[in-house]
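Written below as structure tokens is the structure these notes are about.
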Amino acid sequence: MTIPLIDQLADASLLKEQAYIGGRWVDAQSNNTFDVVDPATQKIIARVADLGAAETAQAIELADTAMREWRAKAPKQRSDILERWYQLIVDNTEDLAIIMSAEQGKMLAESRGEIAYSASFIKWFAEEGKRVYGDVISSAQTDRRGITIKQAIGVVAAITPWNFPSAMITRKVAPALAVGCAVVLKPAAETPLSALALAELAHRAELPAGLLNIITGVDAVAIGGELTSNKRVKKLTFTGSTPVGKLLMAQCANTVKRTSMELGGNAPIVIFDDADLDLVMPGIINAKFRNSGQTCISANRILVQKGIYDTFIARLQDAASTFNFGTYSDGNSTHGPLITQTAVDNVDAKVQHAVAQGANLVCGGEKNDSTGYFYPATILTDLTREMAIFNEEIFGPVAAIYPFDTEQQAIDMSNDTPFGLAAYVYTESMRRSWRVAEALEYGMVGVNETAISAETVPFGGVKESGQGREGSKYGLDDYLEIKYICFGSMDK
Ligand code: SIN
């Protein structure tokens, strides 16, 4: 028998079903709710307020008001509140991890890791927010002096995905709050509970009312429409698919909002003959099967040089045969489900199409009709760049393997995509690692490493994978405007 989510928590008041606007917990004006489903059991675990455009507009207005006092505070005052929020998240890690696993399906160990990762952005930006600097600029005229200052951009709208229900929120909200902005956030409808639990902890940290608003709802068009058209919103930050990102950018054009976009990927992982396979194997398991393949930086195309091709496939098959797909509450599970049945159908369609186009199916590749949105670990080999799968983001536990001969061929194949988020290279040659890393048209490159994300380093893509950088010392820039101030008549 499954224990109800609320009974699994040490602190049941972290499980919220109302939205959070202006520092209060609210129902939808319509009183409508939507179901949140555990993707491993298909059981309803919560019924959450289903808001729309009207409540979104109200939240934006409250954010705009709240921000006026907040941005006038000393950075240290904002930092102290963020530090308190960070500590509360750390202190409640276990409950937050259980909530995340229940709504998203990832294993508890992964959820605990994500909570630590999520909290790290708050700590980092609490510190970085104190280090916003301007310039004193030499003037072209003897009677003038110029300076620049950086100021909070204004109300920020944030739209976040279901694959990392906590960290993708704090990576946006923490820098925004740290520099004096207020945020209106729409979490994915599949995973609103993690967002609401974060808001509860922000409330306990005494973040002033109106600075963080959580708009839960299934009508993404209505909520997104308000967020992108409302003149009070000065910036939109989005993590999600490239088609939706393009649409949001177009909608923001009308009011010339600043946007930052973390969009889809099609990451290559290039494994050269001289790679150390003992390094490669944990790296590929992390890059391909973390979150059951549902990450934007997942190794989507595995390029293997022909000298180690057969050995690599045999070792990957051995590793995949040890995976046990199941629910987080079953201690034997190693991997969780996909997020919905539609996700399972999409992944399966890509696999079947690749096989129809001549791919070799080494293992997996079959949907089953048991409870939960599971898809087995699947290995496809002998793929070519002419096949449809070469251009598709798989978002599932499917290892798509392409043989190659030369370094140049691997670089050409890697760059032959409109996407440019993350890429990985495995080689023991220092010269080759530099050459290839420089040639790859990606925002992030891991050399002999796939666990590349952290709060200290910049996360973001080029080409159709997005714009802007999150985390790191650059992560504040997207929430700041530069103002130039000219002092004239200085010779009087
Ligand atoms: C993502 O791929 O969606 C985010 C992964 C990360 O931050 O490591």
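We did not get these values from a lab; they are worked out from the coordinates using the rules stated. Remember, it's a predicted structure, so these values are computed and weren't measured experimentally. Cβ coordinates were reconstructed from backbone atoms using ideal geometry, including for glycine residues, and neighbour counts include every protein chain displayed.
Find the Rg to Rh ratio for region 22-180, where Rh is the Kirkwood radius over alpha-carbon pairs and Rg uses the same atoms.
Using only Cα positions, Rg/Rh for region 22-180 is 1.08.
How many nm separate the modelled label positions at ASN254 and ASN360, each set 7 Å beyond the Cα in the direction of the Cβ?
5.4
What does the charge count around ASP27 come to, taking other residues whose C-beta lies under 10 Å from its C-beta (Lys +1, Arg +1, Asp -1, Glu -1)? Mind dumping the intermediate values first?
Details: positive: none; negative: GLU17, ASP50, GLU55.
That works out to -3.
Measuring from centroid to centroid over Cα atoms, what is the spacing of region 415-492 and region 77-153 in Å?
If we compute the Cα centre of each part, the gap is 18 Å.
For the chain, what is the mean residue ellipticity at 222 nm derived from helices alone (per DSSP H run of n ≥ 4: -39500 (n - 2.57); sum divided by total residues; nearest 500 deg cm²/dmol)?
Helix-only estimate at 222 nm: -11500 deg cm²/dmol.
Cross-link partners among lysines for LYS257, C-alpha distance below 21 Å, same-chain residues fewer than 8 apart left out?
Those lysines meeting the cut-off are LYS150, LYS172, LYS186, LYS231, LYS234, LYS235, LYS246, LYS463, LYS483.
Among PHE390, PHE419, which comes first, then next, by fewest other beta-carbon atoms within 10 Å? Spell out each step's value before the answer.
Details: PHE390 19, PHE419 26.
Ascending number of Cβ neighbours within 10 Å: PHE390, PHE419.
Rg (Å, one decimal) plus Dmax (Å, integer) for the alpha carbons of the chain?
Expressed in Å, the Cα Rg and Dmax of the chain come to 23.5, 84.
For region 304-319, what does the Karplus curve 6.51 cos²θ - 1.76 cosθ + 1.60, with θ = phi - 60°, yield as ³J(HN,Hα) per residue in whole Hz, taken in order and with x for Gly and Pro?
3J(HN,Hα) across region 304-319, in whole Hz: 10, 5, 5, x, 10, 4, 5, 4, 4, 5, 4, 5, 5, 5, 4, 5.
Using θ = phi - 60° and the Karplus relation 6.51 cos²θ - 1.76 cosθ + 1.60, list the HN-Hα couplings for region 98-115 in order, rounded to whole Hz, with x at every Gly or Pro.
After applying 6.51 cos²θ - 1.76 cosθ + 1.60, I find 5, 4, 5, 4, 5, 8, 10, x, 5, 5, 4, 4, 5, 5, 4, x, 5, 5 Hz.
Kirkwood Rh over Cα pairs of region 267-454 into Stokes-Einstein at 20 °C, 1.002 mPa s: D in µm²/s?
The calculation lands on 129 µm²/s.
Could you list CYS181, CYS486 in order of exposure, starting from the residue whose Cβ has the fewest other Cβ atoms within 10 Å?
Working: CYS181 24, CYS486 12.
The most exposed by this proxy come first: CYS486, CYS181.
What net charge do the residues around VAL355 carry, taking every other residue with its C-beta under 13 Å from that of VAL355, with Lys and Arg at +1 and Asp and Glu at -1?
After counting each charged neighbour, the total is -2.
Could you tell me the relative contact order of the chain? Use alpha-carbon pairs under 8 Å, at least six residues apart, and round to a whole percent.
Result for the chain is 18 percent.
What ranking do LEU279, LEU212, LEU248 get, fewest neighbouring Cβ atoms within 10 angstrom at the top?
The fewest-first ordering by Cβ neighbours comes to LEU279, LEU248, LEU212.
Which chymotrypsin sites (Phe, Trp or Tyr not before Pro) from region 106-194 combine a DSSP loop assignment with at most 15 other Cβ atoms within 10 Å?
TYR133
Using modelled amide H (1.01 Å from N, peptide plane; none on Pro or chain starts), what sits under 5 Å from the amide H of LYS186, excluding residues fewer than 5 places away?
Under 5 Å from the amide H of LYS186: ALA158, ILE159, THR160, ILE215.
For region 285-292, what does the Karplus curve 6.51 cos²θ - 1.76 cosθ + 1.60, with θ = phi - 60°, yield as ³J(HN,Hα) per residue in whole Hz, taken in order and with x for Gly and Pro?
Those phi angles translate into 4, 5, 6, 9, 10, 4, 6, 6 Hz.
If the reach is capped at under 16 angstrom between alpha carbons, list the aspartates and glutamates near LYS76, excluding any in the same chain fewer than eight residues apart.
GLU127, GLU128, GLU206
Enter the per residue convex hull volume of region 449-491, computed from alpha-carbon coordinates, in Å³ rounded to the nearest integer.
Details: hull volume 5.6 nm³, N = 43.
Given the Cα convex hull of region 449-491, per-residue volume reads 131 Å³.
If you add up the charges near THR56, with Lys and Arg at +1 and Asp and Glu at -1, over every other residue whose beta carbon is less than 9 angstrom from its beta carbon, what do you get?
Working: positive: LYS186; negative: GLU55, GLU226.
Overall, the nearby charge balance is -1.
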